[in-house]
Amino acid sequence: MLKIKDITKSYGNGESRFRVLQGISLEIKDGDFVVILGVSGSGKSTFLNVISGLERPDSGEVFYDGTDITLLSDNELTAFRKENVGFIFQQYYLLPNMDVDRNVKMGADLAGNKDYMEIIKAVGLGEKLHKYPSELSGGEQQRVSVARALAKKPRVLFLDEPTGALDEMTGREVLDYICRLKNQYGFTIVMVTHNLNIAEMAKTVIKMNSGKLINIYQNETQKTAYEIGW
Amino acid sequence: MWKEYSKSYIQNNRLSGLSVRIAAFISALLLSLLCGVFYNLWKYEVERIVLEEGGWQSRIAGSFSPEEIEAVRNFASVKDMVVRDGTGEGAASYGKQSYVEQGDGQESETVIDLYFDRYGAVLKDTPRIAELAGASPEQTAYHYGLLAMYLIRHPSDPAPRLLFPLFLLITGIASFSLIVIIHNSFVLSMNARIHQFGIFSSIGATPRQIRTCLLQEAAVLCAFPVVAGNLSGIAGSMGILELTNRILGGEVPGRHKAVFGYHPLVLGVTLFVTVLTIWISAWLPAGKLSRLTPLEAIKNTGELQLKRRKNSRILGLFFGMEGELAGNALKAQRKALRTASLSLVFSFMAFTMMECFVTTSDISTRETYFERYQDVWDIMVTVRDGDGAAFEEINEIRALPGVESVVAYQKAMAKRVIREEEISEEMKSFGGFSHASESVVTKVDGGWMVNAPLVILDDSSFLDYCEQIGIPPCLDGAVVRNLIRDVTDPDFRHVQNVPYLNTGSTGEGTVSILMRPGSEEMAEVPVLCYTAEVPLLREEYATLDYYQLVHFLPVSLWEKIRGQIGEGEGELYLRILGGENVTLEQLNGLQERIDSLLAGKYVTESENRIQEYELNGRQIQGMKLIFGGFCVLLALIGIGNVFSNTLGFVRQRKREFARYMSLGLTPENMGKMFRIEAMVLAGRPVLVTLPLAVVVMGLMLKMSYIAVGEFLAQAPFVPIAVFMAAILGFVALAYYLGWRNVRKISLAEVLRDDTML
């Protein structure tokens with residue numbers, strides 16, 4: 001259970017101070033598939049960063065099973081991230097001097113997980129183990145970053161516009177892999193996107209604007225990546 | 001992380017670590033050189049002390065029976081001992097396995113020199129040994145100088161033993177300076193990958209893991225350079241020692257040849273200091289980098305960007321748009337190029353200042369010493385405890401082939417009162433004694449008491465001097481140097497001398513009343529002449545005490561008055577002229593003959609003018625070589641940093657150029673931009689140094705009263721221009737190689753790179 005209480009976050013100083021998050025409270029259940037929708041500048045990425053422990057809020061609390069991660073020290077927060085959460089960004093952030101195997105292994109090693117090959121195969125890259133990022137397509141690179149994030153076996157996977165740099169077919173393919181892996185491993189997904197169609201894949205949809213939650217609703221049925229529009 | 005990431009990063013990005021490697025190598029080299037030279041300096045000093053003063057560590061003096069001596073010999077920590085009588089004769093060595101009978105068994109003043117197993121036992125055991133031998137603490141003595149070389153300091157040692165503190169200070173300063181310089185190389189290398197460490201952090205790497213990874217990388221990058229630098233430093237210190245031997249070998253009186261040595265402990269200390277220096281340099285940026293949050297790090301693309309846009313108007317004015325872009329690029333790279341800028345500026349500045357300073361010093365020494373005394377002396381011999389009156393060998397020296405003239409002289413000090421009416425009008429014009437310090441001139445009843453140095457010439461030379469100044473040769477009086485400098489004019493190089501005393505024509509027939517310093521005793525000396533002309537001696541008069549009234553007198557007269565005036569200095573000086581156009585070989589031969597003539601009877605030290613001139617030249621060359629070497633090493637750090645920048649940031653520069661190209665700039669424009677950057681980087685040391693050098697040299701010339709024209713005629717333009725050209729050449733080469741990599745630009749490739757980030 002992820003419980004968020006009255007989170008605020010501002011950037012800048014003095015007159016140029018801008019309040020990005022204006023007191024957001026929310027609960028996310030284990031195994032949920034949450035999509036956060038919002039236009040550019042609505043604060044959705046900042047919200048993702050705060051609830052994932054990448055950034056600290058100015059005020060408010062973020063509980064993971066009763067532990068308020070806003071009170072953790074830097075080292076404790078690092079340990080928390082290592083053990084509990086995985087990230088996927090719009091840019092793939094792969095290490096260019098490492099092949100697929102070693103990019104994924106790096107994430108697995110840091111979390112002490114030796115059984116990472118299964119994940120590579122699950123994202124369909126079993127045949128491209130020794131290819132370098134520059135030899136892969138955009139979709140394949142994003143699948144490597146998915147595998148790397150999941151190789152740690154996180155409880156929550158945070159995705160920030162994971163299909164933002166991909167074309168439709170590749171985007172669908174990546175989302176399909178993510179959903180299949182979610183069903184297989186049972187982790188929670190929190191995904192930020194501005195693509196309204198992707199919201200149809202989620203169980204819970206959160207709409208944000210100007211740093212506030214303006215709507216939260218549950219989809220009665222969840223579509224697959226190939227059933228949604230684009 | 002090391003195995004998965006760093007290893008392949010280092011293997012695939014050799015050039016980006018170049019700056020770090022060069023910096024580590026040069027640090028190791030400098031520190032190793034410093035430690036190696038210091039160790040050999042220490043070793044040489046120990047050898048010198050042992051040779052000159054003996055290697056005993058402590059000694060006890062008194063009357064000792066054979067039983068007491070035996071007890072001392074059997075003391076546990078005593079390795080060896082030498083028993084001597086009070087005169088220093090009849091020394092006998094008493095090792096652990098030997099025993100030598102005392103001559104007649106009678107008790108006499110005996111000195112026992114003690115040698116211990118360990119230096120650490122000296123202070124603790126010497127009092128116990130003295131007690132055992134029945135000697136009081138006052139009868140013990142410690143070899144302070146030798147003990148201090150082993151960091152053992154007796155509380156009553158009065159001398160400031162500065163060798164080790166000086167070494168620690170120099171090493172500390174060197175280490176700190178290197179940290180400042182190398183630190184920037186590490187910052188540069190590490191900052192280029194902040195983004196990648198952000199990725200690590202986002203997938204769970206802890207700050208500690210990142211820091212460890214960076215330090216491991218630093219260790220691997222620096223391992224070979226540290227070893228190579230240390231070995232080069234050892235070789236360098238060997239070279240410096242050899243150079244010192246060649247420059248000074250056998251030509252400095254009393255100097256023994258330095259033999260190179262290297263102790264494993266020195267290697268240990270050197271490695272420790274080097275590793276510590278490099279580790280601190282790497283740890284500072286690694287620690288800072290590891291503390292970045294994943295978001296901060298991941299958003300950093302390593303791109304070179306200006307925080308605030310400032311146009312480079314000057315470059316724009318001179319070189320147009322390319323100049324402006326080059327200026328912006330240099331500003332954006334300011335941090336990355338900081339090591340290069342600092343090293344190149346400091347090295348060029350140090351080199352220029354050294355050359356200018358040496359030139360000034362050379363002009364000064366030549367004018368005030370070699371040229372002034374060129375026709376005054378060829379060989380100088382100092383005879384310890386010599387007595388001019390009893391020195392009979394002077395005639396044998398005069399008879400030696402190749403000797404043109406010999407003057408034997410001694411010096412003594414007396415006092416003389418100068419009355420108001422004796423002061424010359426010229427001296428009165430600048431205030432008489434009003435400017436004189438009380439330490440040199442004392443106001444007494446009826447006048448001023450001044451110092452009256454006595455230069456006591458052998459009779460024959462004094463008679464020659466009388467002829468030289470045009471008075472009848474006579475041994476019954478003194479000739480007084482009647483000159484005083486205008487004390488209000490500080491120009492020591494072009495001294496304005498005026499008559500000291502108002503003596504009428506020559507002052508002949510007057511007397512000079514000389515007094516023994518600190519006593520009422522006095523002697524009346526007839527004055528033969530007051531004159532401005534001095535005998536041809538290698539002496540300077542009234543340089544520190546401007547009010548000295550120098551008296552020249554024959555040794556026969558000195559014999560008559562020395563009872564009242566007191567003893568002269570212990571040394572007797574022989575000034576020998578060897579004739580016109582004499583060569584070094586001739587002077588060396590003559591010097592050797594004089595030395596052998598005096599050997600056995602006197603303790604002497606001799607030097608000859610040409611040899612000293614050449615030695616002086618070689619010392620200056622040696623100093624320039626060593627200091628210049630340091631300047632070159634410093635410049636190498638900067639040049640390494642430039643290469644590292646131009647070859648290591650190809651991707652960033654390609655991205656930068658891609659943007660410009662999309663706006664319509666051509667590769668030729670980019671080439672010009674690179675050339676301007678190189679020129680600015682290499683030109684900065686000149687622009688910073690030259691105005692500073694002009695100001696500093698202006699002050700120096702003013703202080704040393706050397707004319708600007710005289711300096712310019714000998715100014716070191718060529719070496720400075722060569723150094724400058726070398727910097728320019730290497731920087732240009734670095735930028736040319738960088739340009740070759742960057743110019744093959746493909747917009748598609750650059751865009752693809754962007755998505756990789």
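Against the condition under 26 Å from residue B:201 (Cα atoms), among the aromatic types (Phe, Trp, Tyr) and either within 14 Å of another protein chain (Cβ to nearest Cβ) or touching a residue at least 60 places away in the same chain (Cβ under 8 Å) (or both), how does residue A:116 come out, does it pass? Against the criterion (under 26 Å from residue B:201 (Cα atoms), among the aromatic types (Phe, Trp, Tyr) and either within 14 Å of another protein chain (Cβ to nearest Cβ) or touching a residue at least 60 places away in the same chain (Cβ under 8 Å) (or both)), residue A:116 qualifies.
Only one entry of B:530, B:500 meets the criterion of being among the aromatic types (Phe, Trp, Tyr) and either out of contact with any Gly (no Cβ under 8 Å at 6 or more places or on another chain) or at positive phi (or both), and that entry is B:500. Among the residues of the range A:57-87, the ones that are at the interface with chain B (Cβ under 9 Å from one of its Cβ atoms), of a type outside the set (A, V, I, L, M) and surrounded by fewer than 17 Cβ atoms within 10 Å (Cβ to Cβ) come to 3 in all.
Taking the range B:360-377 as the range and being buried (at least 19 other Cβ atoms within 10 Å of the Cβ) and assigned to a helix (DSSP H, G or I) as the test, the residues that pass are B:360, B:363. So in the range B:506-537, with the set limited to residues that are surrounded by fewer than 16 Cβ atoms within 10 Å (Cβ to Cβ) and closer than 19 Å to residue B:473 by Cβ, which one is modelled with the lowest pLDDT? The selected residue is B:508.
A single entry from A:128, A:105 fulfils the requirement of being under 17 Å from residue B:202 (Cβ atoms) and buried (at least 17 other Cβ atoms within 10 Å of the Cβ): A:105.
Across the range B:189-233, what is the total count of residues that are within 14 Å of another protein chain (Cβ to nearest Cβ), of a type in the set (Ser, Thr, Tyr) and crowded, with 18+ Cβ neighbours inside 10 Å? Lay out the reasoning, then the answer.
Keep residues of the range B:189-233 that are within 14 Å of another protein chain (Cβ to nearest Cβ), which gives B:192-213, B:217.
Remaining after also requiring of a type in the set (Ser, Thr, Tyr): B:201-202, B:206, B:212.
Filter again for crowded, with 18+ Cβ neighbours inside 10 Å, leaving B:201-202, B:206.
Residues that pass the stated criteria total 3.
A Cβ distance below 6 Å, combined with a sequence gap of six or more or placement on separate chains, defines the contacts here; from the range B:176-198, residues that are at pLDDT below 75 reach residues that are of a type in the set (D, E, K, R) in the pairs B:184/B:338. Looking only at the range A:217-227, decide whether some residue is closer than 24 Å to residue A:46 by Cα and of a type outside the set (Asp, Glu). So far as the range A:217-227 goes, yes, one or more of its residues are closer than 24 Å to residue A:46 by Cα and of a type outside the set (Asp, Glu). The residue of the range B:581-613 that is surrounded by the fewest Cβ atoms within 10 Å (Cβ to Cβ), among those that are without any contact (Cβ under 8 Å) to a residue 12 or more places away in the chain and among the small types (Gly, Ala, Ser), is B:600. Scanning the range B:357-378 for residues that are polar (S, T, N, Q) and modelled with pLDDT of 85 or more, which turns out nearest to the chain's Cα centre (by Cα)? For the range B:357-378, the residue satisfying everything is B:361. Take the conditions (1) closer than 17 Å to residue B:731 by Cα; (2) crowded, with 18+ Cβ neighbours inside 10 Å; (3) more than 23 Å from the chain's Cα centre (by Cα); residue B:631 misses just one of them, which is (3). Counting residues in the range B:538-552 that are closer than 24 Å to residue B:387 by Cα, in contact with a helix residue (DSSP H, G or I) (Cβ under 7 Å, 6 or more places away or on another chain), surrounded by 15 or more Cβ atoms within 10 Å (Cβ to Cβ) and not assigned by TED's automatic domain parsing to the domain that holds residue B:367 gives one or more.
Does residue B:206 qualify as being β-branched (Val, Ile, Thr), out of contact with any Asp or Glu (no Cβ under 8 Å at 6 or more places or on another chain) and either in contact (Cβ under 8 Å) with a residue 40 or more places away in the chain or not assigned by TED's automatic domain parsing to the domain that holds residue B:270 (or both)?
Working: β-branched (Val, Ile, Thr): yes; out of contact with any Asp or Glu (no Cβ under 8 Å at 6 or more places or on another chain): yes; either in contact (Cβ under 8 Å) with a residue 40 or more places away in the chain or not assigned by TED's automatic domain parsing to the domain that holds residue B:270 (or both): no.
Here the answer is no, as residue B:206 does not meet what is asked.
Just one of the listed residues (B:688, B:731) is among the β-branched types (Val, Ile, Thr) and surrounded by fewer than 19 Cβ atoms within 10 Å (Cβ to Cβ), namely B:688.
Only one of A:218, A:222 is within 19 Å of residue A:28 (Cα to Cα) and free of Cβ contacts under 8 Å to residues at least 24 places away in the same chain; which? First the steps, then the outcome.
Details: A:222 fails: free of Cβ contacts under 8 Å to residues at least 24 places away in the same chain.
Answer to the selection: A:218.
What's the total number of residues in the range B:379-388 that are at pLDDT below 90 and either surrounded by 16 or more Cβ atoms within 10 Å (Cβ to Cβ) or farther than 25 Å from residue B:517 by Cα (or both)? Total meeting the criteria: 2. Among the criteria (1) closer than 29 Å to residue B:34 by Cα; (2) surrounded by 17 or more Cβ atoms within 10 Å (Cβ to Cβ), the one residue B:578 does not fulfil is (1).
Checking every residue in the range B:266-285 against the condition of being within 14 Å of chain A (Cβ to nearest Cβ) and under 24 Å from residue B:23 (Cβ atoms) gives zero matches. Only one of the numbered conditions (1) of a type in the set (Phe, Trp, Tyr); (2) farther than 22 Å from residue A:175 by Cβ; (3) at pLDDT below 90 is not met by residue A:64, and that is (3).
Say we look at the range A:131-145 and pick out the residues that are surrounded by fewer than 17 Cβ atoms within 10 Å (Cβ to Cβ) and polar (S, T, N, Q); which of these is nearest to residue A:106 (Cα to Cα)? That would be A:134.
Picking from residues in the range A:27-36 that are part of a strand (DSSP E or B) and under 8 Å from residue A:2 (Cα atoms), the one that is farthest from the chain's Cα centre (by Cα) is A:27. The lone criterion from (1) more than 14 Å from chain A (Cβ to nearest Cβ); (2) part of a helix (DSSP H, G or I); (3) surrounded by 15 or more Cβ atoms within 10 Å (Cβ to Cβ); (4) modelled with pLDDT under 85 left unmet by residue B:258 is number (2). Of the helices (runs of 4 or more DSSP H) lying entirely inside the range B:693-757, those carrying at least 1 residues that are at pLDDT below 85 and assigned by TED's automatic domain parsing to the domain that holds residue B:344 are B:717-743, B:747-756. Of the listed requirements (1) modelled with pLDDT of 85 or more; (2) surrounded by 16 or more Cβ atoms within 10 Å (Cβ to Cβ); (3) in contact with an Asp or Glu (Cβ under 9 Å, 6 or more places away or on another chain), residue B:110 misses just one: (1). Among what's in the range A:130-152 and is more than 11 Å from chain B (Cβ to nearest Cβ) and of a type in the set (Lys, Arg), pick the residue that is nearest to residue A:32 (Cα to Cα). Across the range A:130-152, the extreme among qualifying residues is A:143. Within the range A:164-182, the set of residues being touching a helix residue (DSSP H, G or I) at 6+ places or on another chain (Cβ under 9 Å) and away from chain B (no Cβ under 14 Å) comprises A:169, A:171, A:173, A:174, A:175, A:177, A:178, A:179, A:180, A:181.
Results for (1) of a type in the set (Asp, Glu); (2) modelled with pLDDT under 90, shown as yes or no for each residue.
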{"site": "A:6", "(1), (2)": "yes, no"}
{"site": "A:11", "(1), (2)": "no, yes"}
{"site": "A:35", "(1), (2)": "no, no"}
{"site": "A:71", "(1), (2)": "no, no"}
{"site": "A:76", "(1), (2)": "yes, yes"}
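The values are calculated or read from the model by the stated rules, or taken from the named source; none is laboratory data. This structure is a prediction, so every number in the text was calculated from the model and none was measured. All Cβ positions, glycine included, derive from the backbone under ideal geometry; neighbour counts span all protein chains shown.
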